[in-house]
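Participant: Mind looking over this structure? Questions follow.
The values are calculated or read from the model by the stated rules, or taken from the named source; none is laboratory data. Computed from a predicted structure; not experimentally measured. All Cβ positions, even for glycine, are placed from backbone atoms using ideal geometry, and neighbour counts span all protein chains on display. Please note that ligands, DNA and RNA were not included when accessible areas were found on the heavy atoms of the full protein model with its side chains. Shrake-Rupley method; radii C 1.70, N 1.55, O 1.52, S 1.80 Å.
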Amino acid sequence: TPELQLVDVDNSGKMIGPNNGSGLGAQGVETELNGTKVDGTDYQAVSPNGEVIYFTATPTEGVRTVYARIAGKETVAVSERSPQCTEACAEAEPAAALYVGASSDGMKVFFTTSQPLLNGDTDHTTDLYEYDFSEPAGHRLIQISRGGPGDLTPGHGAEVEGVVNVSQDGSHIAFTAKGVLTSIPNGLGQTATQ
């Protein structure tokens, strides 16, 4: 039989930031990324079987955080820094996160934040992250905007401006960034510039 349950709750069933508002994916969230206003999205925020639901909420005395509610029993703060964070990211001030999409099966979620969440993120510009539930614990968080082969300063200066699209299965994500994420020329011999 169907059962009505709250989604924006912690693992004890208590509402997360009940006076601060919450929304499916980033529904109802308007934020600014590098000087540009961006509206939130709810793209694939609910898996087809309803087992994984992504929502954004602001806990009391906290910052906007992206959460996953799994099978109506567990809540995971996917936009929190990695527990292995030992370098500058361990001392970084918390910053708001913005949900930008997920894979249709709910196993991968994508979000942006200016807070360094991994040791490899060495600055405070906006970065694109992925949280992948299919990876082992401790390896689920990935800095997508870290750069690729030929990036002269990996993990620094991405300045992500937004996400254009997320593929259905989450294997590809198109995003815009001001930073030079590779110095390798494309097929036309052109190289990226700031």
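Participant: Heavy-atom accessible area per residue, the chain, 1.4 Å probe: how many Å²?
Facilitator: 53 Å²
Participant: Something else about it: Which FRET efficiency, nearest 0.05, do ILE70 and HIS156 yield, Cβ-Cβ r, R0 41 Å?
Facilitator: Rounded to the nearest 0.05, the efficiency is 0.80.
Participant: Provide the FRET efficiency to the nearest 0.05 for the LYS178-ASN20 pair, computing r from the beta carbons and using R0 = 30 Å.
Facilitator: 0.50
Participant: For the chain, what % of the accessible area comes from carbon and sulfur atoms, probe 1.4 Å? Provide the component values of the computation, followed by the final result.
Facilitator: Details: 5270 of 10370 Å².
That share works out to 51 percent.
Participant: Let me ask something additional. Multiply the residue separation of SER171 and GLU135 by 0.36 nm, subtract the distance between their alpha-carbon atoms, and state the gained length in nm to one decimal.
Facilitator: Extra length from SER171 to GLU135 when fully extended: 11.6 nm.
Participant: Which semi-axes, in whole Å and largest first, does the equivalent ellipsoid of the stretch 85-194 have when worked out from the alpha carbon gyration tensor as the square roots of 5 times its eigenvalues?
Facilitator: 22, 19, 13
Participant: Let me make sure I get this right: for the stretch 138-179, a, b and c are the square roots of the gyration tensor eigenvalues over alpha carbons, sorted descending. Under 1.5 in a/c it's rounded, otherwise prolate if a/b > b/c, else oblate. Which is it?
Facilitator: Numbers: a/c = 2.05, a/b = 1.26, b/c = 1.62.
In terms of gyration-tensor shape, oblate.
Participant: Kindly write out, for the stretch 148-153 in residue order, the coupling ³J(HN,Hα) from the Karplus curve 6.51 cos²θ - 1.76 cosθ + 1.60 (θ = phi - 60°), rounded to whole Hz, with x marking Gly and Pro.
Facilitator: My calculation for the stretch 148-153 gives x, x, x, 6, 6, 9 Hz in order.
Participant: Subtracting the Cα-Cα distance from 0.36 nm times the residue separation, let me have the gained length for GLU61 to HIS124 in nm, one decimal.
Facilitator: Full-extension gain reported as 20.6 nm.
Participant: Same structure, new question: If you filter the stretch 70-120 for trypsin sites (Lys or Arg not before Pro), then keep DSSP loop positions with at most 16 other Cβ within 10 Å, what is left?
Facilitator: LYS73
Participant: Specify whether the C-alpha gyration tensor of the chain places it in the rounded, prolate or oblate class, a ≥ b ≥ c being the square roots of the eigenvalues: rounded for a/c under 1.5, otherwise prolate if a/b is larger than b/c and oblate if not. Don't skip to the end; give the middle numbers.
Facilitator: Working: a/c = 1.87, a/b = 1.62, b/c = 1.15.
Prolate, since a/c reaches 1.5 and a/b exceeds b/c.
Participant: To continue, here is another question. So which GluC sites (Glu not before Pro) in the stretch 34-116 end up in coil per DSSP with only 10 or fewer other C-beta atoms within 10 Å?
Facilitator: GLU61
Participant: If the chain between SER12 and ALA95 were fully stretched, how many nm would it gain, using 0.36 nm times the residue separation less the Cα-Cα distance?
Facilitator: Full extension from SER12 to ALA95 adds 27.4 nm.
Participant: Pop the C-beta distance of GLN27 and GLN190 into the FRET formula with R0 = 35 Å and round what comes out to the nearest 0.05.
Facilitator: 0.40
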